[in-house]
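Note sheet for the following structure.
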Amino acid sequence: MSVAELMIGRKTSCFFVAMFMSALALVAHPLLALGWPAKQSSGAEHTRNDMRKRIDTLIRQTVKEGNFRTADGVAFNMEVPPSMAVIKEIQSYGEKALPILEEYVWGKGNREAVVALRLIGQVGGANLVKTLGPVVERHPSPQLRIRALRWLSRGPKKEILPIIRKAADSDPDESVRRVAKEILALD
């Protein structure tokens with residue numbers, strides 16, 4: 001084999017390696033830009049701070065997906081549920097995500113609170129009642145109390161019935177009382 005043939009073979013190999021690396025960069029860059037971890041890991045491997053940052057990114061991304069603009073330039077918002085990928089990632093954190101999500105429910109942004117409530121409901125678990133019970137009982141927004149009631153209704157009957165009965169009997173908002181009574185009627 002001549003030196004020229006070796007050089008051509010080497011250039012061809014380098015070309016294919018360069019093409020592969022370019023293709024890899026095209027796939028990896030958008031994922032990393034969205035904040036996806038380079039290595040998927042279980043919920044146990046995440047530090048609380050990393051988890052908080054990632055949950056913040058996921059909630060903001062979900063809220064942003066509901067921002068639209070008409071052809072006339074009028075901006076409006078719609079509620080968009082979290083994607084299955086977001087739900088699966090939050091579920092991978094397990095119940096460790098609940099206190100972080102709960103902060104969004106009690107925070108200033110209503111749209112973030114709605115997304116956080118959905119994610120709390122998707123995580124579920126033994127602490128679902130502990131997390132959503134106070135929302136049903138004390139949150140200032142009747143709409144968020146109603147949403148919390150609906151997610152809470154998936155919990156263990158023994159634990160949720162006292163909270164739902166109390167909402168049905170004494171919530172200051174008629175719509176919350178009505179939804180609580182509807183949930184009780186399904187039982």
(message) Please verify whether Arg150 is in contact (Cβ under 8 Å) with a residue 12 or more places away in the chain, exposed (fewer than 14 other Cβ atoms within 10 Å of the Cβ) and over 17 Å from Glu103 (Cβ atoms), treating the condition exactly as stated.
(response) no
(message) Among the residues in region 101-112, are any farther than 17 Å from Met51 by Cβ, out of contact with any strand residue (DSSP E or B) (no Cβ under 9 Å at 6 or more places or on another chain) and either among the aliphatic types (A, V, I, L, M) or crowded, with 22+ Cβ neighbours inside 10 Å (or both)?
(response) no
(request) Report those helices (runs of 4 or more DSSP H) wholly inside region 56-133 carrying at least 2 residues which are under 18 Å from Pro156 (Cα atoms). (result) 110-123
(message) Show the residue pairs meeting these rules: Cβ distance below 8 Å; 6+ apart or different chains; first residue within region 174-187 and within 14 Å of Ile160 (Cα to Cα); second residue not in a helix (DSSP H, G or I).
(response) Ala180/Asp171; Ile183/Ser153; Leu186/Ser153
(message) Condition first: outside any helix (DSSP H, G or I), more than 27 Å from the chain's Cα centre (by Cα) and surrounded by 17 or more Cβ atoms within 10 Å (Cβ to Cβ). Now tell me which residues in region 153-187 satisfy that.
(response) Asp171
(request) Please specify each residue of region 82-104 satisfying the condition of being among the aliphatic types (A, V, I, L, M) and free of Cβ contacts under 8 Å to residues at least 40 places away in the same chain. (result) Met84, Ala85, Val86, Ile87, Ile90, Leu98
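Got a sec? Which of Leu144, Leu184 is of a type outside the set (Phe, Trp, Tyr), under 26 Å from Thr57 (Cα atoms) and touching a helix residue (DSSP H, G or I) at 6+ places or on another chain (Cβ under 8 Å)?
Result: Leu144 is the single residue among Leu144, Leu184 that is of a type outside the set (Phe, Trp, Tyr), under 26 Å from Thr57 (Cα atoms) and touching a helix residue (DSSP H, G or I) at 6+ places or on another chain (Cβ under 8 Å).
Values in this text are rule-based calculations from the coordinates and carry no lab data. Bear in mind that the values here come from a model prediction, so they are computed numbers and not experimental data. Using ideal geometry, Cβ is built from the backbone for each residue, glycine included, and neighbour counts are taken over all protein chains shown.
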